[in-house]
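S.K.: Mind having a look at this structure? Questions to follow.
The values are calculated or read from the model by the stated rules, or taken from the named source; none is laboratory data. Keep in mind that this is a model prediction, so the values were computed, not measured. Here the Cβ positions follow ideal geometry from the backbone for every residue, glycine too, while neighbour counts run over all protein chains shown.
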């Protein structure tokens, strides 16, 4: 079953081209180790939150943009084996130096729990991450299935919800601190694919009206701790093989 390595980082806006060049150089290495797809999406509409947000998640500095990324693999075993293979690959010596602080990047391994539509032709992504009680996993998946038709009828291309499977604790930052995860909660990393930002923004306005007055207390997670943003792809290797 497909498996994802997902990450969030902050990059100096002035280094955007360097970041893209680094991604372009890394993709052949990931692919040679079995990766099926690599997507790097640059934050263009990332709000500050009251409790959590992407900026605090990676301790972003002034002038830095948020990058929302994932790598697809055929399974966890292939993903796990790739890291050592890449370290031993001489081609790594020719890859440009990372144009960002890797110590502030948050990352982990995730398994999809809900997939619908497709995201291969997306020009815009809404990215989300939140902590969900393990006991509410089924309820979370059910909620995703209920919301997908609402997004789809307003132009969404696809929706992917992934459940934290191998999410490490970090020295400076990690997904747990980013989402203020509590004991017994798992991190969820998700995205909705849209053809463009205009379609997404129009859908958001329509849904805000439709959902006005809806009782959100029954949500299977603490919505105040969810972080989200809008991202444009700056590198996409293509559809999962």
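S.K.: How many of the residues making up segment 135-150 are surrounded by 14 or more Cβ atoms within 10 Å (Cβ to Cβ), under 25 Å from residue 1 (Cα atoms) and in contact (Cβ under 8 Å) with a residue 24 or more places away in the chain?
M.R.: Residues flagged as surrounded by 14 or more Cβ atoms within 10 Å (Cβ to Cβ), under 25 Å from residue 1 (Cα atoms) and in contact (Cβ under 8 Å) with a residue 24 or more places away in the chain within segment 135-150 amount to 8.
S.K.: Looking at residue 184 and the list (1) surrounded by fewer than 16 Cβ atoms within 10 Å (Cβ to Cβ); (2) out of contact with any helix residue (DSSP H, G or I) (no Cβ under 6 Å at 6 or more places or on another chain); (3) in contact (Cβ under 8 Å) with a residue 24 or more places away in the chain, which single condition is not satisfied?
M.R.: Looking at each condition in turn, residue 184 falls short on (2).
S.K.: Turning to a different aspect of this structure: Only one of (1) crowded, with 21+ Cβ neighbours inside 10 Å; (2) at pLDDT below 95 is not met by residue 193, so which one is it?
M.R.: Of the numbered conditions (1) crowded, with 21+ Cβ neighbours inside 10 Å; (2) at pLDDT below 95, the odd one out for residue 193 is (2).
S.K.: Just for segment 116-134: of the residues that are farther than 16 Å from residue 200 by Cα and touching a helix residue (DSSP H, G or I) at 6+ places or on another chain (Cβ under 7 Å), which one is surrounded by the fewest Cβ atoms within 10 Å (Cβ to Cβ)?
M.R.: So the residue we want is 116.
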